[in-house]
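Participant: Shown below is the structure under consideration.
The values are calculated or read from the model by the stated rules, or taken from the named source; none is laboratory data. For clarity, every value in this text was computed on a predicted model and none was experimentally measured. Here the Cβ positions follow ideal geometry from the backbone for every residue, glycine too, while neighbour counts run over all protein chains shown.
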Amino acid sequence: MRSLIPSISVTCGLFAAVPAPAQVGVNFDFGPAAIHGVPGSDTGAAAQVGGHWNGVDTDALASASFPLTISGLLDASGAPTPVTLVVNDLGTGVQSFLFDDPSTSGGDDALLDDLAFFGGAATIEIRGLAAGQYDILTYAAVPSGASYRTRVRVPSSLDPLQDVGGDFSGGYQLGVTHARHAVDVAPGSAVTLQLNVAAEFMSLNGIQIVPFGATGDLGSRYCSPGAANSTGLPGEVSAFGSPRRADNDVALTASSLPSNTFGFFLTSRTQGFTATPGGSVGNLCLGGAIGRYVGAGQILNSGSIGAFTLFLDLAATPTPTGLVSVATGETWHFQAWYRDAFIGIPISNLTDGLALTFL
């Protein structure tokens with residue numbers, strides 16, 4: 001039997017993780033070790049963040065006893081890390097799957113064209129992460145087509161369960177090649193990924209664990225800094241994902257907000273500046289026709305971490321006259337409005353602005 005990860009120890013049962021001193025990124029590629037290989041360190045995938053990839057040999061995984069603990073992992077910089085994976089196939093069986101997607105090449109081929117194919121539900125527990133906020137990207141593309149779909153849920157994330165399935169013909173796309181979940185890891189706690197069949201079989205190409213803010217940020221901020229809020233800091237807007245319109249993979253984040261406050265995002269094709277609109281403490285940095293993301297599930301709460309994130313559907317961008325589709329070459333501007341308070345008096349505030357051109 002080949003080892004699941006070259007030069008990495010594998011044990012059955014639970015493994016006591018050593019606390020990590022700082023947040024690190026960790027990447028995993030699932031697939032037969034001898035076929036497509038492991039992505040190179042220049043492969044950033046959907047997170048646009050490169051680094052070392054730990055290879056998990058699915059041929060060995062298929063003959064292992066579960067639950068299985070994988071340790072001896074390296075972080076994105078290639079340094080040893082106390083992070084471990086505890087994989088459990090829940091008795092449904094796992095096998096390797098290979099298919100040459102003509103759209104992939106290089107590291108994308110190594111990540112997506114081979115995978116672990118599960119017959120049913122499975123869980124993966126990630127232990128040993130340093131406390132902090134992370135983005136977890138779960139790759140569940142099936143290069144042979146979209147009829148196989150995987151349901152990905154992270155119970156500790158405020159982001160909903162996501163169904164994933166499809167090939168790379170449109171590049172990295174949320175819901176096609178991968179799911180994305182934001183998590184807040186408490187000291188000594190673990191993160192659990194629950195994987196299940198949405199259609200036919202469940203697949204897993206890889207996992208990226210990226211410290212919050214380390215993903216490839218998109219666009220350029222302007223109208224900065226915004227007005228300080230009750231935390232003493234100005235709210236900030238940022239975007240991550242892919243700038244390619246075809247990928248339809250952009251998420252907006254408003255951060256440095258008061259905790260447990262409600263807010264939503266605004267958008268326009270036009271920049272502008274209106275000081276303290278409607279009595280707000282902040283400034284409106286948009287002009288022209290301004291749309292509001294206030295549909296179902298789009299009015300958000302900052303929770304205990306003082307931030308909220310919205311995954312955009314670029315085919316349904318709000319304007320005052322209805323939803324429109326973003327076109328390649330267009331530049332859109334974004335800002336977040338949120339509730340605030342001053343000496344107990346309810347007020348509102350706004351983040352700075354972000355300009356994003358779609359390719």
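Participant: Only one residue in GLY226, GLY206, GLY188, GLY232 is in contact with a helix residue (DSSP H, G or I) (Cβ under 6 Å, 6 or more places away or on another chain) and not polar (S, T, N, Q), so which one is that?
Facilitator: Being in contact with a helix residue (DSSP H, G or I) (Cβ under 6 Å, 6 or more places away or on another chain) and not polar (S, T, N, Q) holds for just one of GLY226, GLY206, GLY188, GLY232, which is GLY206.
Participant: Another question, then. Go through the stretch 304-359 and tell me which strands (runs of 3 or more DSSP E), entirely inside it, have 3 or more residues that are over 13 Å from GLY263 (Cα atoms) and at pLDDT 95 or above.
Facilitator: Ranges flagged: 317-319, 322-324, 331-342.
Participant: Continuing with this model, one more query. At pLDDT 95 or above and in contact with a His (Cβ under 6 Å, 6 or more places away or on another chain): which single residue out of LEU286, LEU266 fits that description?
Facilitator: It is LEU286.
Participant: Residues that are modelled with pLDDT of 50 or more and surrounded by 17 or more Cβ atoms within 10 Å (Cβ to Cβ): list the strands (runs of 3 or more DSSP E) wholly contained in the stretch 6-57 that include at least 1 such residues.
Facilitator: 26-31, 53-57
Participant: Give the number of residues within the stretch 154-191 that are assigned to a strand (DSSP E or B), charged (D, E, K, R) and over 12 Å from the mean Cα position of the chain (by Cα).
Facilitator: Looking only at that region, the number is 2.
This table checks each residue for (1) assigned by TED's automatic domain parsing to the domain that holds HIS181; (2) without any contact (Cβ under 8 Å) to a residue 24 or more places away in the chain; (3) not polar (S, T, N, Q).
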| residue | (1), (2), (3) |
| --- | --- |
| LEU233 | no, yes, yes |
| GLY241 | no, no, yes |
| ASP249 | no, no, yes |
| THR253 | no, no, no |
| ARG269 | no, no, yes |
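Participant: If we scan the stretch 173-194, do we find a residue that is buried (at least 21 other Cβ atoms within 10 Å of the Cβ), in contact (Cβ under 8 Å) with a residue 60 or more places away in the chain, farther than 29 Å from SER304 by Cα and of a type in the set (D, E, K, R)?
Facilitator: No: zero hits.
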